[in-house]
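Remarks on the structure that follows.
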Amino acid sequence: MHRVVIERDEATAIVQAAGELDAFAAPDLAQAFDQVRNEPRVVADFDRVAFMDSTVLGLIVRMARETAEAGGAVRIVLPSGSARRIFEITALDRALPIAETRSTALAELGRSG
């Protein structure tokens, strides 16, 4: 079971996901990322995600790259846990802008904008 919703916080779009994100959940996440494509600031909040597969990792990388190429800023919320461990194993934690909490991500985006 998974859930993906889009929230707004001032000038920031927040894509919040929960549950297990695999190939079955990927279309919902892709649709949410498409809806925030032109936003200047995006937070992808995976605080409540227990698992994500390579399909989802690819979507996250693409969203972060496309947002940066369009001049926007991204933060990915990944607290310690199994989802963060997947980022560490794949070295994505060193390639993408990670924040420990949503409030930290929003503060960092506020300083960058």
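The values are calculated or read from the model by the stated rules, or taken from the named source; none is laboratory data. All values derive from a computational prediction rather than experimental measurement. Here the Cβ positions follow ideal geometry from the backbone for every residue, glycine too, while neighbour counts run over all protein chains shown.
Just a few scattered comments:
- Ala17 meets the conditions (1) more than 24 Å from Ser103 (Cβ to Cβ); (2) surrounded by 22 or more Cβ atoms within 10 Å (Cβ to Cβ) in every case but one. The failed one is (1).
- Residue check for Ile86: outside any loop (DSSP other than H, G, I, E, B) and closer than 20 Å to Gly110 by Cβ: no
- Candidates Arg41, Arg84 - the one that is within 22 Å of Ala11 (Cβ to Cβ) and surrounded by 13 or more Cβ atoms within 10 Å (Cβ to Cβ): Arg41
- Flag for Val4 being modelled with pLDDT of 95 or more, in contact with an Asp or Glu (Cβ under 6 Å, 6 or more places away or on another chain) and not in a loop (DSSP other than H, G, I, E, B): yes
- Per the listing Ala30, Ala50, Ala23, Ala17, the residue uniquely of a type outside the set (D, E, K, R), more than 26 Å from Arg111 (Cα to Cα), in a strand (DSSP E or B) and touching a helix residue (DSSP H, G or I) at 6+ places or on another chain (Cβ under 7 Å) is Ala50.
- Selection count, region 1-17, where residues are of a type outside the set (Gly, Ala, Ser) and over 17 Å from Ala73 (Cα atoms): 5
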